[in-house]
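Please read the structure below before turning to the comments.
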Amino acid sequence: MKRQIFKAFEYPEFRLMWLGACTSSIGTWMQNLAQSWLVYELTKSAWYLGLDAFLGQIPILLFSMLGGVVADRKDRRKILVVSQLVQMTCAITLATLAFFGVVQVWHVLTLSFIVGTAQAFGGPAYQAMIPSLVKKEDLQNAIAMNSIQFNVARVIGPSIGGVTLAKFGAVWCFGLNALSFLAVIFTLLRVAPRPPAMTGKEPVLESMKVGLRFIRDNSVMGGLIVLAFLMTLLGVSFMTFLPVFAERVFHLGKEAYSEMLVVSGIGSVLGGVFVAATSHIQRKGLLALASLVALGTCIFGFAISTNFYIACIMLFLGGASLIACFGLVSSLVQTQTEDSMRGRVMSIYNVAFRGGMPIGAFASGTLIESFGAPQVLAANGILLVVLSGIFWSTQPRIRHL
């Protein structure tokens, strides 16, 4: 069982990229924690928290399909290096502004948009590169291990970030994040170059249309992409408003916010382990839908909790459900895509998966100002369960994948 869970680590290049990405993700989570708290301190507004998340994710909707075409035409490794350099520069800029005490909310929002743009090109390249590092039969395991990496960082990053923010301030969080990008750049330079998957010279728009036609003509793929959108629209945005719950609902400080991120991260790690351990079982689509129902239930339970410890239990279970669903859906999309189409298909998947976040965050942030955080998130949880049930009954082919 242990060997089965860590099967992808038998591939040296995957193992190297995993370690570099984990280091970078720890820094990113440190920055996310400090940045959310900085925005809230500058504005005292849930609306601005939602706007910051919106601007960080909206470039995925705008540029990800173009990023997918580039990922199919160029060396994916080089695209990733450039993406990391841009994000590192933004972290250094924010650290400098905060150090001199001149940071304003518009600075943060602008840098969030630039970082999101870099991720719109780096995301499809990274996702399209993973299958080239492992054998096809170990792809789900590799995707699960990548999810575990991300969520190990969610545990370690907020833990270190919470202490760093409380003891030294946001500048240190931003600076350490900038340094963390050096690790992933170093590991990328050690990985062998990958030749472009597509050698044709068709126009960019035509390449996009080919990717869209592939999705349109494959009903299962279209259903999986809709599922990814629902997961992030209603199931991920609640993480954006944890500072609001820490202060307004539980009347605790930034330490409680950090603790909630850590608890959710621990649950997410276990969700990733579950996906890795079940990489060879059948009916993954059924498991994905069940995980989505569980996620909606946990969000509702978190929203109505008045006890901090019960809320943390809901966050733990919700984190596990979210990553289980994410890992299962991602692996199903990857295994049904040929390599020459992978960058474009994963970019469209990114549009759905990452695109749901800014829409959900902005809409929820606006509604929270009028109705309150518990009420809005409880409604999100109920709606996610209802939509999952509708999806369950109308998409029988996905249930049988």
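The values are calculated or read from the model by the stated rules, or taken from the named source; none is laboratory data. Owing to the predicted nature of the structure, the values given are computational and were not obtained by experimental measurement. Don't worry about glycine lacking a Cβ; one is built from the backbone with ideal geometry, like all the others, and counts go over all protein chains shown. Ligands, DNA and RNA are excluded from the accessible area calculation, which covers all protein heavy atoms including side chains. Shrake-Rupley method; radii C 1.70, N 1.55, O 1.52, S 1.80 Å.
One line per residue, one yes/no per condition, for (1) closer than 19 Å to N380 by Cβ; (2) of a type in the set (F, W, Y); (3) surrounded by fewer than 20 Cβ atoms within 10 Å (Cβ to Cβ); (4) more than 22 Å from the chain's Cα centre (by Cα):
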{"position": "S264", "(1), (2), (3), (4)": "yes, no, no, no"}
{"position": "H280", "(1), (2), (3), (4)": "no, no, yes, yes"}
{"position": "L315", "(1), (2), (3), (4)": "yes, no, no, no"}
{"position": "I323", "(1), (2), (3), (4)": "yes, no, no, no"}
{"position": "E338", "(1), (2), (3), (4)": "no, no, yes, yes"}
{"position": "S347", "(1), (2), (3), (4)": "no, no, no, no"}
Every pair of residues 6+ apart whose Cβ atoms lie under 7 Å, when the first sits in the stretch 113-136 and is under 23 Å from A192 (Cβ atoms) while the second is open to solvent by 10 Å² or more (accessible area, probe 1.4 Å) and of a type in the set (S, T, Y): L133/Y11; V134/Y11
Enumeration of residues in the stretch 337-390 that are part of a helix (DSSP H, G or I) and of a type in the set (S, T, N, Q): S340, S347, N350, S364, T366, S370, Q375, N380, S388
Neighbours by Cβ (under 9 Å, 6+ apart or cross-chain): first from the stretch 52-79, open to solvent by less than 20 Å² (accessible area, probe 1.4 Å); second acidic (D, E) and part of a helix (DSSP H, G or I): D72/D339
Pairs with Cβ under 6 Å, 6+ apart, first in the stretch 285-308 and within 12 Å of L384 (Cβ to Cβ), second aromatic (F, W, Y) and assigned to a helix (DSSP H, G or I): L289/W392; I299/F238
Any hit, the stretch 46-62, residues being of a type in the set (A, V, I, L, M) and farther than 22 Å from G123 by Cα: yes
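Against the condition buried (at least 23 other Cβ atoms within 10 Å of the Cβ) and of a type in the set (D, E, K, R), how does R354 come out, does it pass? Working first, answer last.
On the way: buried (at least 23 other Cβ atoms within 10 Å of the Cβ): yes; of a type in the set (D, E, K, R): yes.
Judged against the criteria, R354 is a match.
Would you confirm whether or not the stretch 260-275 contains a residue that is outside any helix (DSSP H, G or I), closer than 25 Å to F371 by Cα, of a type outside the set (F, W, Y) and in contact (Cβ under 8 Å) with a residue 60 or more places away in the chain? First the steps, then the outcome.
Looking only at the stretch 260-275, we keep the residues that are outside any helix (DSSP H, G or I), and these are none.
Looking for residues that are outside any helix (DSSP H, G or I), closer than 25 Å to F371 by Cα, of a type outside the set (F, W, Y) and in contact (Cβ under 8 Å) with a residue 60 or more places away in the chain, one finds none in the stretch 260-275, hence no.
Inspect the stretch 35-49 for any residue being open to solvent by 10 Å² or more (accessible area, probe 1.4 Å) and touching a Phe, Trp or Tyr at 6+ places or on another chain (Cβ under 6 Å) and give the result as yes or no.
no
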Leading residue by the ranking (nearest to P358 (Cα to Cα)) among those in the stretch 232-256 that are open to solvent by 10 Å² or more (accessible area, probe 1.4 Å) and of a type outside the set (A, V, I, L, M, F, W, C): T240
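Please work out if S268 is among the polar types (S, T, N, Q), within 17 Å of the chain's Cα centre (by Cα) and either buried (at least 17 other Cβ atoms within 10 Å of the Cβ) or at pLDDT 80 or above (or both). Let's see the steps before the verdict.
Numbers: among the polar types (S, T, N, Q): yes; within 17 Å of the chain's Cα centre (by Cα): yes; either buried (at least 17 other Cβ atoms within 10 Å of the Cβ) or at pLDDT 80 or above (or both): yes.
Considered against the rule, which asks whether it is among the polar types (S, T, N, Q), within 17 Å of the chain's Cα centre (by Cα) and either buried (at least 17 other Cβ atoms within 10 Å of the Cβ) or at pLDDT 80 or above (or both), S268 comes out as yes.
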Single residue of A98, A91 found to be assigned to a helix (DSSP H, G or I), touching a Gly at 6+ places or on another chain (Cβ under 9 Å), within 18 Å of I185 (Cβ to Cβ) and not acidic (D, E): A91
So F100, is it open to solvent by 30 Å² or more (accessible area, probe 1.4 Å), free of Cβ contacts under 8 Å to residues at least 12 places away in the same chain and either on the phi > 0 side of the Ramachandran plot or not aliphatic (A, V, I, L, M) (or both): yes
